1. Once phi is turned into ³J(HN,Hα) by the Karplus curve 6.51 cos²θ - 1.76 cosθ + 1.60 with θ = phi - 60°, what whole-Hz value does each residue of segment 67-84 show in order, with x for glycine and proline?
2. Can you classify segment 20-157 as rounded, prolate or oblate using the Cα gyration tensor, where a ≥ b ≥ c are the square roots of its eigenvalues, rounded means a/c under 1.5, and otherwise it's prolate if a/b beats b/c and oblate if not?
3. Taking a 32 Å limit on the Cα-Cα distance, which of the listed pairs Lys67/Lys99; Lys90/Lys209; Lys14/Lys230; Lys209/Lys296 fall beyond it?
4. Across bins of 10 angstrom width beginning at 0, how are the C-alpha pair distances of segment 86-133 distributed, in whole percent?
5. Can you tell me how much longer the chain between Ser37 and Met203 gets when fully stretched, taken as 0.36 nm per residue apart minus their C-alpha distance, in nm with one decimal?
6. In degrees from 0 to 90, rounded to the nearest 10, what is the angle of the helix 102-112 Cα long axis to the longest principal axis of the chain?
7. Along the charge dipole of the chain, which of Gly260, Met96, Asn135 sits closest to the positive end, that is, farthest toward it, with unit charges on the beta carbon of Lys, Arg, Asp and Glu (+1, +1, -1, -1)?
8. Tell me the angle of helix 276-299 to the major Cα principal axis of the chain, expressed in degrees between 0 and 90 and rounded to the nearest ten.
Amino acid sequence: MIPDTHYILTLSCKDVRGIVASVTGFLAENFGFIIESAQFGDASTGQFFLRIEFTVETPGPSEDVLKKRFHEQVGARFAMHWQIIGKEVKSRVLVMVSKYGHCLNDLLYRHSTGQLAIEIPAIVSNHRDWEHVANWHDIPFYHLPVSSSCGSRSESTGSKMTELDPAQPLRVSQDDSKAEQETKILEVIERHKIDVVVLARYMQILSEKMCRQLQGRAINIHHSFLPSFKGAKPYEQAFDRGVKLIGATAHYVTMDLDEGPIIEQEVSRVDHTHQPDDLAAIGRDIECSVLARALKYHTEHRVLLNGHKTVVFR
């Protein structure tokens with residue numbers, strides 16, 4: 001017996017009458033069986049969002065035929081932004097990291113235990129601190145430093161990066177500019193057919209060009225205190241102000257630094273007994289869990305962009 005094919009349909013369009021009926025009717029006519037469905041109509045923007053998990057029973061249409069029919073019969077009619085993706089297809093994730101490795105280690109653990117159904121074909125860093133971790137997980141590691149005169153938030157070791165393909169090596173020198181370094185990152189993304197980039201405490205500001213290239217497929221994590229403290233030593237600043245809540249935010253990367261559409265957030269209560277090191281430890285735990293959830297939502301196609309906001313079907 002041929003197993004049913006499992007798909008995820010996501011869409012957004014202007015909110016008008018008949019969308020759900022048209023979509024579910026289409027699936028029924030094409031041997032579709034709905035497993036999970038979530039929808040949201042945003043009254044403030046007039047936009048409609050829908051996510052459906054479904055199977056296509058034998059002898060239903062192939063994926064290509066299904067997509068063609070959906071476009072002709074439903075998508076074009078409602079001017080939808082939509083996609084149909086096989087649920088079993090794992091997103092290919094590039095993890096970028098600098099000197100703080102807690103988020104990287106957490107993602108690798110969740111990946112190895114199956115908590116995150118993803119592939120991690122490569123790790124990029126402007127330092128060599130976590131190369132041994134990449135080697136232990138048998139993941140290609142690319143060391144791509146940036147000259148300290150190019151706006152780096154941290155210093156690099158100046159070593160060349162690991163070569164994935166000896167016949168076509170990618171090399172980087174200590175004197176590379178940010179533009180040259182980002183060109184090499186894009187080569188890594190192309191080489192490994194990357195679907196989503198995760199900045200797991202990658203302490204470099206991406207250029208506007210890089211942000212445009214990765215629009216909607218790059219996720220960043222950063223501390224988000226109430227009030228927020230920017231710059232060096234945020235936990236010390238928070239301690240000096242006597243904050244009662246600390247937290248973290250995962251968001252899509254945009255040209256507006258740390259202001260992209262938010263995917264996930266979390267806070268934790270603290271008090272006067274917590275020292276800066278305590279705040280940092282709590283913050284690291286929050287950053288790990290928030291980033292992991294954001295990546296899970298994204299790779300399960302549960303996040304839809306809604307202007308400067310997101311719709312997240314948990």
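1. So the Karplus estimates, Gly and Pro as x, are 5, 4, 5, 5, 4, 5, 9, 10, x, 5, 4, 9, 6, 7, 9, 9, 8, 10 Hz.
2. Because a/c hits 1.5 or more and a/b exceeds b/c, segment 20-157 counts as prolate.
3. From the list (Lys67/Lys99; Lys90/Lys209; Lys14/Lys230; Lys209/Lys296), the Cα-Cα distance tops 32 Å for Lys67/Lys99; Lys14/Lys230.
4. Here the calculated profile for segment 86-133 is 25, 53, 19, 3.
5. 56.0 nm
6. Compared with the principal axis, the helix lies near 40 degrees.
7. Of the listed residues, the answer is Gly260.
8. 30
The values are calculated or read from the model by the stated rules, or taken from the named source; none is laboratory data. Quantities reported herein were computed from a predicted structural model and do not represent experimental measurements. Reconstructed Cβ throughout: ideal geometry from the backbone, glycine too, with neighbour counts over all protein chains shown. In case anyone asks, the SASA skips ligands and DNA or RNA and just uses the protein heavy atoms, side chains included. Shrake-Rupley method; radii C 1.70, N 1.55, O 1.52, S 1.80 Å.
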